[in-house]
1. When the accessible area of the chain is computed with all protein chains present and a 1.4 Å probe, what percentage of it is carbon and sulfur?
2. Relative to the present Cα-Cα distance, how much length would full extension add between Glu364 and Asp103 at 0.36 nm per residue of separation?
3. Stokes-Einstein D for region 286-418 at 4 °C, 1.567 mPa s, Kirkwood Rh over Cα pairs, in µm²/s?
4. Mind checking the angle between helix 85-98 and the chain's longest principal axis? C-alpha axes, 0 to 90 degrees, to the nearest 10.
5. Just name one of Asn36, Phe152, Ser180: the one whose Cα is farthest towards the positive end of the charge dipole of the chain (beta-carbon charges, Lys/Arg +1, Asp/Glu -1).
6. Once both axes come from the Cα atoms, what is the angle between helix 192-213 and the longest principal axis of the chain, in degrees from 0 to 90, rounded to 10?
7. Decide, for region 206-362, between rounded, prolate and oblate: order the square roots of the alpha carbon gyration tensor eigenvalues as a ≥ b ≥ c, take rounded if a/c falls under 1.5, and otherwise choose prolate if a/b is larger than b/c, else oblate.
8. Please compute the Kirkwood hydrodynamic radius of region 150-217 from all pairs of different C-alpha atoms, in Å with one decimal.
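The values are calculated or read from the model by the stated rules, or taken from the named source; none is laboratory data. The structure displayed is predicted, hence computed values, not measured ones. As a convention, Cβ positions derive from the backbone with ideal geometry for all residues, glycine included, and neighbour counts pool all protein chains shown. SASA here: full protein model, heavy atoms, side chains in, ligands and nucleic acids out. Shrake-Rupley method; radii C 1.70, N 1.55, O 1.52, S 1.80 Å.
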Amino acid sequence: MIRYSGASFNKFSTMRKRFEQQLEIGQIPISQIEVNPKYRSGFPKLVLALKLLFLTPEYNEKVFSILEEKLVKGKKNTGRQGMDLWVLFVLAQTRLCLNTSYDELHRMANEDKMLREIMGVEFESYYSHEPIEFEYQNILDNVSLLDDDTVFELNQVIIAMGHNVFKKKEEEPLRLKTDSFVVESNVHFPTDYNLLWDSGRKCMSIIEKFLEKYKSIPGWRKLSSWYRVLKNAMRALGQVGKAGGKDKEARLLKAATDYLDRARLFLAKLEKEKHNFPLLDVQDLGLQLEFEYYQSMLIKHIDLVERRIIKGETIPHEEKLFSIFETYTEWITKGKQNPSVELGKNFQVTCDQFNLIVDYKVMENEVDKTTVIALGDRVLSKFKVTSWSFDKGFYSKINKEILELYVEQLVMPKKRET
């Protein structure tokens, strides 16, 4: 078995070839790849598009130029050979097309015949040849080198190729539609007292890692007891908050006070003992930085729980955090009945009549209607647009008036007054 792994191909190498398929006996040329037209999923269509791109010198050259600008330019051609640019590009496009994890991409790179064919590493089944195997870490290290700006540049080449294929006339204008949706984060429903517990348990988890590595660290013989005490206090507060009954307010205050008392005792213990954690290597430094972050989150949420429950304050939205792990997570209300609230990131997509994505944007604490002017600048500077449709979330008087100056048929319904 030939390993296409970090041992011989690495992300730091400047020795990267574009892709030259020097065929061996039994190796399947990319030009001869066949895809069953009955397949309705997205991946076979991606393979057909990649095949066309590979075989069309105009677009092939543009893609490789962008990749070389990002990964090779200004670097000496020395060191071990890196992953071929074509293989890297195909893996990155596959991950985006399927919205899949690196674990699944690793499996596909080694077992999916169609993917291996378009990467140019597959052999006929009847021919005995050592298969090329890709290592997980090698895929992760290389594909993650493509940042958002590079992916956006590559997308423009793919759009141009798509328009060349689908448009009957080169000057044919586009008919666009824009919408946004929430890409949900993998988080539990956030409450300040739950996030306080998350912060505390992660501090304990890091302490456990130190104790596994250095058996002689003093002061944490009762770490498992701290875990039980803090978790039980968190659960007690949650149960009181969910239940009704007589004197609920008083019981809630007592449960919150008990929880905060235990959390502050644990915080004081952390402050007293953290100087005992060794700092002897890079791993220790990483653990120390991680510990400092989770301790700061513990302090923050002790404060939030006290202000909200004990002092009765209304916490300003900008002070809230909805995950201590995926800190970019936003609380998004889009006016839908189910679900009424979504946790994640708003993602805006503009498609044309050929279902090609001509523009996309990750929205940072924005609502739909505040993005329209910038969206119009990006799109109308590149394409001729004859019609454009939005939903009512994008409406404002100024948005509609400005776009009507450039778009012949604009659909932007006004929000109903409630």
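1. Of all accessible area on the chain, carbon and sulfur atoms account for 52 percent.
2. 91.1 nm
3. D = 71 µm²/s.
4. So the helix axis and the longest Cα principal axis differ by about 60 degrees.
5. Ser180
6. Approximately 80 degrees, to the nearest ten.
7. oblate
8. 18.1
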